[in-house]
Amino acid sequence: MKGSLLVVFFFALGCLIGWSDFFPEVLLKGDISMYILYLLMFQVGISIGSDKKLKDILRSIHPKLLLIPLATMIGTFSAVALVSLLLPKWSISECLAVGSGFAYYSLSSILITQLKTPTLGLPIATELGIIALIANLIREIMTLLGSPLFVKYFGRLAPICAGAATTMDTTLPIITRCSGKDLVFVSIFHGMLMDFSVPFLVSFFCSF
Amino acid sequence: MFIVIGIMFGGIVIGYLLRRVQLFQKINNLIFYTILFLLFMLGLSVGANKTIMSNLTTLGWQALLIAAAGTLGSVIMAKIVYNRFFRERGKP
């Protein structure tokens with residue numbers, strides 16, 4: 001619990017300082033976060049490699065693991081289709097395009113803005129793109145912050161399905177912390193499949 | 001994306017070769033501090049992005065609704081799949 005509070009605190013602190021403009025511009029260049037992410041992945045790799053149960057983990061890869069990305073997709077699409085009824089401005093397929101970003105906010109927002117411009121016009125398409133950016137960013141943040149709760153109420157696979165396309169990089173460390181290290185390869189496998197599906201599914205839903 | 005995976009596999013190899021080094025068994029604490037820093041950086045870019053901040057009230061709630069629905073739908077499906085296919089006997 002103390003850990004999750006620290007996570008919230010640091011994120012909120014970042015928002016506040018970012019909003020205040022009271023920080024060196026160089027921090028936003030994007031390179032720093034990327035290199036820290038690389039460092040993080042290296043650390044995660046070391047923690048996997050030095051794990052004494054590594055061989056047991058590798059033995060746990062199984063075809064029924066395909067059910068997990070399937071659960072993520074079905075769960076996301078059915079719930080998003082349902083709430084699209086509350087958003088009269090956007091059609092079901094437009095909402096599903098946002099949902100099929102699967103927390104991959106950078107790619108999905110750019111794709112949606114570009115693919116929707118011919119039919120909706122640039123201003124409206126940009127609006128939908130920003131919604132995709134915020135929605136998928138929120139999904140990543142929800143996974144980062146909510147994983148302990150997800151495990152408690154929905155089982156050990158819940159953070160993986162919540163994290164969707166991010167479970168092989170940005171949310172992998174928090175998933176290994178909350179769900180257990182034995183699910184790390186499940187999480188990577190899931191993230192790779194979901195990641196791969198984003199460009200296809202976003203294009204598909206944008207074509208209606 | 002493949003760079004990220006490549007770096008991790010590099011870490012796995014190094015971690016495996018050096019698995020007897022006591023220090024490496026404490027890597028999880030270090031991972032947590034790195035996560036904190038990355039979240040701080042994510043907050044920084046959200047707070048500093050004026051497009052996101054100025055449109056937050058008009059677009060934010062729609063985004064929140066879609067994000068919450070997607071996340072909730074996924075964790076519910078996760079519970080169903082976990083209970084039906086993955087739960088081991090005697091485990092919660």
Check your understanding: Does residue A:169 qualify as being at the interface with another protein chain (Cβ under 7 Å from one of its Cβ atoms), under 11 Å from the mean Cα position of the chain (by Cα) and not in a helix (DSSP H, G or I)?
Key -> yes
Practice item. Consider residue A:183 carefully, then state whether it is surrounded by fewer than 22 Cβ atoms within 10 Å (Cβ to Cβ), part of a helix (DSSP H, G or I) and among the aliphatic types (A, V, I, L, M). Key: no
Review point. Any residue at all in region A:110-126 that is within 11 Å of another protein chain (Cβ to nearest Cβ), more than 21 Å from residue A:11 (Cα to Cα) and at pLDDT below 90?
Key: yes
Study note, to complete from the structure: Expected output for region A:106-125 (first residue over 22 Å from residue A:34 (Cβ atoms), partner of a type in the set (Lys, Arg) and part of a helix (DSSP H, G or I), Cβ below 8 Å, 6+ apart or cross-chain) is A:124/A:116; A:125/A:116
**Study point:** Single condition residue A:88 does not satisfy, out of (1) out of contact with any helix residue (DSSP H, G or I) (no Cβ under 7 Å at 6 or more places or on another chain); (2) farther than 19 Å from residue B:61 by Cα
**Key:** (2)
**Study point:** Every residue from region B:9-28 that is surrounded by fewer than 19 Cβ atoms within 10 Å (Cβ to Cβ), modelled with pLDDT of 80 or more and closer than 21 Å to residue A:188 by Cα
**Key:** B:9, B:10, B:13, B:14, B:16
Check your understanding: Being in contact (Cβ under 8 Å) with a residue 40 or more places away in the chain and touching a Cys at 6+ places or on another chain (Cβ under 9 Å), is that true of even one residue in region A:25-42?
Key -> no
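Within region A:53-105, can you find the residues that are basic (Lys, Arg), more than 10 Å from every other protein chain (Cβ to nearest Cβ) and either closer than 19 Å to residue A:155 by Cβ or without any contact (Cβ under 8 Å) to a residue 12 or more places away in the chain (or both)? Full working, then the answer.
Residues of region A:53-105 that are basic (Lys, Arg), as a first pass: A:53, A:55, A:59, A:64, A:89.
Restricting the remaining residues to those that are more than 10 Å from every other protein chain (Cβ to nearest Cβ) gives A:53, A:55, A:59.
Selection gives A:55, A:59.
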Practice item. For region B:61-83, state whether one or more residues are surrounded by fewer than 18 Cβ atoms within 10 Å (Cβ to Cβ), β-branched (Val, Ile, Thr), under 21 Å from residue A:16 (Cβ atoms) and at pLDDT 75 or above. Key: no
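Rundown of residues vs (1) closer than 29 Å to residue A:38 by Cβ; (2) in contact (Cβ under 8 Å) with a residue 60 or more places away in the chain; (3) polar (S, T, N, Q), yes/no style:
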| site | (1), (2), (3) |
| --- | --- |
| B:35 | yes, no, no |
| B:39 | yes, no, no |
| B:44 | yes, no, no |
| B:47 | yes, no, no |
| B:58 | no, no, yes |
| B:81 | no, no, no |
Check your understanding: For region A:165-184, how many residues are touching a helix residue (DSSP H, G or I) at 6+ places or on another chain (Cβ under 6 Å) and either closer than 15 Å to residue A:66 by Cβ or not aliphatic (A, V, I, L, M) (or both)?
Key -> 9
Check your understanding: Of the numbered conditions (1) at pLDDT 90 or above; (2) crowded, with 18+ Cβ neighbours inside 10 Å; (3) among the hydrophobic types (A, V, I, L, M, F, W, C), residue A:137 satisfies every one except a single condition; which is it?
Key -> (1)
Exercise for review: Kindly list the number of the only condition in (1) of a type outside the set (A, V, I, L, M); (2) at the interface with chain A (Cβ under 7 Å from one of its Cβ atoms); (3) under 26 Å from residue A:139 (Cα atoms) that fails for residue B:49.
Suggested key: (2)
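The values are calculated or read from the model by the stated rules, or taken from the named source; none is laboratory data. Here the structure is a predicted model, which is why all the values come from computation and not from measurement. Virtual Cβ from ideal backbone geometry, glycine too; neighbours counted across all protein chains shown.
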